[in-house]
Each structure stands twice: as structure tokens, then as C-alpha cells.
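The values are calculated or read from the model by the stated rules, or taken from the named source; none is laboratory data. Owing to the predicted nature of the structure, the values given are computational and were not obtained by experimental measurement. FYI the Cβ positions are ideal-geometry reconstructions off the backbone, even for glycines, and counts take in every protein chain you see. Just the protein is used for accessible areas: all its heavy atoms, side chains included, with ligands, DNA and RNA removed. Shrake-Rupley method; radii C 1.70, N 1.55, O 1.52, S 1.80 Å.
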Amino acid sequence: MSTKIALKFSRSNRIYRPSEPVEGKIVIKSPSSISHYGIRLSVNGSVNLQVRGGSAGVIETFYGVVKPITIVNKSIEVKPSGKIGSGTTEVPFTMVLKQNGEKSLERFYETFHGTDVSIQYLFTVDIARGYLYKSLSATMEVIIESDKADLLERPVSPEMAIFYITQDTQRHPLLPEIKSGGFRVTGRMSTLCSLLDPISGELTVETSAVPISSIDIHLLRVESILMGEKFVTETSLIQTTQIADGDVCRNLTLPIYVILPRLLTCPSVFAGPFSIEFKVSIVISFQSELSKLHKKSDPRTPRLWLAMETLPLELVRIR
């Protein structure tokens with residue numbers, strides 16, 4: 001049995017704010033006692049940028065890795081050199097990412113896992129054992145949210161955008177029967193939303209000559225990275241929420257209720273080298289034999305049997 005090491009944080013969800021102490025234990029399980037030259041705990045927070053596609057050309061994609069933006073990089077000694085006994089040993093630790101009055105390298109952006117932009121805070125414990133033995137280490141991510149002092153004091157009143165979708169609002173070609181028969185869908189949806197609240201609204205199918213197959217709400221992220229003198233932007237799908245299945249009754253108000261995924265969303269960011277924005281897209285699928293041949297097509301791609309309307313979405317975090 002080999003020696004195992006793990007990080008165990010005081011909070012099971014591992015959500016902390018920069019000014020809060022990050023506490024926990026280093027758990028070491030060893031079949032025999034071992035000597036070491038010190039136990040160190042380090043944290044590395046960074047914004048990792050990589051261009052994978054979107055509006056990037058061949059050259060940008062080839063040289064697509066941009067130098068990471070360091071947010072925080074610090075290390076502390078948890079325990080000086082000595083011995084660790086056999087069995088299970090727990091070593092407590094405490095670390096504060098941002099001390100009061102301390103000047104940070106960069107703004108503490110919230111944790112975010114995107115396609116081209118990734119913001120992570122990784123804690124790593126290292127046990128040095130000298131030249132003859134391999135060092136022991138373990139890494140775990142913590143989730144960072146904005147300090148309360150940086151948040152909006154008042155609750156956010158959702159800004160409702162009124163929309164209507166008809167054959168005349170579509171910028172792509174539709175099936176002849178949809179174009180000639182016509183349809184009209186109206187509704188409203190929140191475009192300014194707290195991360196703790198759902199995206200809410202309502203939708204009504206007033207008329208439609210062609211039966212409807214489904215109505216879906218797509219949550220999209222728009223990531224932009226500065227490459228040289230221009231921004232490279234990529235839009236990707238985060239999640240899809242179906243609000244209607246089948247041909248819905250006309251003039252019936254349908255509620256819109258979309259819960260935001262934690263790690264895949266964050267407050268909208270407009271920084272110099274990068275930006276993270278969000279959009280919501282209302283997609284209406286009409287019943288068509290042609291749609292059955294393209295079941296695995298990208299839902300963001302305009303199709304002859306689809307009608308869609310896309311709205312900007314600003315996400316914020318409040319106290």
C-alpha cells in the first residue's frame with residue numbers, strides 16, 4: 001500500500017470569497033512512518049485563454065494559446081521538516097487569498113469553465129521527501145465568488161425584454177409551408193438576471209399554420225479573446241431547456257423558467273484581454289419530415305424548420 005495524500009476543505013461545496021480564510025486539512029494515509037523536508041500549500045489562480053475556433057483564422061488557431069493572466073500565486077509552509085507517523089494523519093491549514101489592504105496582481109474574477117476562457121483557483125499541497133524519494137502532492141480546485149464589498153447592494157429587478165417571432169423576423173430561409181402559412185409567437189424574458197435567480201418570462205403562440213414540434217430555450221456563452229489587434233469571438237451552447245413539447249395550444253401563456261448552471265456561468269465580464277458574455281435564444285421547431293433527417297444537427301444553426309430569436313443576457317451577483 002502506497003502513501004496517499006488528499007486535501008479536505010472545511011466547506012463541502014468549496015465555495016469561498018477572496019477575503020475569507022480558506023480552511024481545511026491535509027489528510028495523509030501512510031502504511032509506515034515517513035520523513036519529509038516540509039509540507040507546503042500553494043494556490044494558483046489564473047485566467048487561461050485559448051483560441052479554438054469561432055471567428056479565428058488558421059493562423060490564430062495554430063498560435064491559439066495566449067499567456068495566462070495570473071490572479072494570485074502564493075505559498076505557505078504548513079509544517080516544517082520532520083516525520084509523519086503511520087496510519088492517518090491530518091494537518092490543518094488556513095490561507096487567505098486576499099489580505100485587507102493587500103494589492104493583488106489582478107482582479108479576482110469568479111470561477112468559470114468555458115470553451116476558450118477558463119478561470120480556476122487550484123490549491124496544491126507538496127510534501128518534499130528529498131532526492132531518493134518522489135515528492136507527494138495533491139491538487140484540488142476551489143470555487144471563488146466575488147467579495148460582498150464588490151457586489152450590488154440592492155436586489156436586481158429583472159429587466160424584461162418583449163419579443164415577437166414571425167416569418168418576417170427570420171434572417172434565414174424557411175420551409176415554403178411555414179413561410180406562406182405564417183406564424184406569430186410573442187413573449188417577454190428577463191435580460192438582466194442575478195446568478196442566484198432563474199431566467200424567467202413567458203411565451204404565447206398566437207398563430208401557426210404548421211404544427212409545432214417543440215419550443216426550447218438555449219443558454220449561450222460568448223467568449224472573446226484579444227489576439228494581436230483584434231478580438232476572436234466564439235459562441236457556444238451551455239444548456240438547453242425545453243418549455244414545450246408538441247403542438248401547443250394557441251393563445252396559451254407558457255412560463256419560462258431556466259436555472260443557471262454554477263460552474264458554466266459567472267457575472268458578465270468585460271476585461272481588457274478578454275470578455276465573457278451570455279445570450280438566450282428562443283428556438284421554435286416546426287414539425288417536418290426534413291427535421292427527422294437532421295436529428296444531430298447543431299441547434300444554433302439556422303434550419304428550414306426552425307424559427308429563432310436571440311436576446312442579450314447580463315448576469316450579475318448580488319449580496
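Against the list (1) loosely packed, with under 15 Cβ neighbours inside 10 Å; (2) in a strand (DSSP E or B), the condition Asn100 fails is (2). Pairs, please: C-beta under 6 Å, at least 6 apart or cross-chain, first residue in a strand (DSSP E or B) and open to solvent by 10 Å² or more (accessible area, probe 1.4 Å) and in the stretch 115-132, second of a type in the set (Val, Ile, Thr) and modelled with pLDDT of 95 or more? Note: pairs meeting the criteria are Leu122/Thr139; Thr124/Thr139.
Which one is farthest from the chain's Cα centre (by Cα), of the residues in the stretch 165-183 that are open to solvent by 80 Å² or more (accessible area, probe 1.4 Å) and touching a residue at least 60 places away in the same chain (Cβ under 8 Å)? For the stretch 165-183, the residue satisfying everything is Pro173.
Just one of (1) in a loop (DSSP other than H, G, I, E, B); (2) open to solvent by 50 Å² or more (accessible area, probe 1.4 Å); (3) in contact with a strand residue (DSSP E or B) (Cβ under 6 Å, 6 or more places away or on another chain) trips up Arg262, so point out which. Of everything listed in (1) in a loop (DSSP other than H, G, I, E, B); (2) open to solvent by 50 Å² or more (accessible area, probe 1.4 Å); (3) in contact with a strand residue (DSSP E or B) (Cβ under 6 Å, 6 or more places away or on another chain), Arg262 misses just condition (3). Condition first: surrounded by 14 or more Cβ atoms within 10 Å (Cβ to Cβ) and outside any strand (DSSP E or B). Now tell me which residues in the stretch 18-36 satisfy that. Matches in the stretch 18-36: Pro18, Ser19, Glu20.
Within this structure, Glu202 fails the test of being in a helix (DSSP H, G or I) and open to solvent by 30 Å² or more (accessible area, probe 1.4 Å). Say we look at the stretch 71-91 and pick out the residues that are surrounded by 12 or more Cβ atoms within 10 Å (Cβ to Cβ) and of a type outside the set (Val, Ile, Thr); which of these is farthest from Leu151 (Cα to Cα)? Per the criteria, the residue is Ser86. For the stretch 37-52, filtered to residues that are β-branched (Val, Ile, Thr) and in a strand (DSSP E or B), the residue that is farthest from Ala128 (Cα to Cα) is Val47.
A search for C-beta distances below 9 Å between a residue of the stretch 291-314 that is assigned to a loop (DSSP other than H, G, I, E, B) and at pLDDT below 90 and any residue that is hydroxyl-bearing (Ser, Thr, Tyr) and loosely packed, with under 15 Cβ neighbours inside 10 Å, counting only pairs 6+ apart in sequence or on different chains, returns Pro299/Thr240; Arg303/Ser297.
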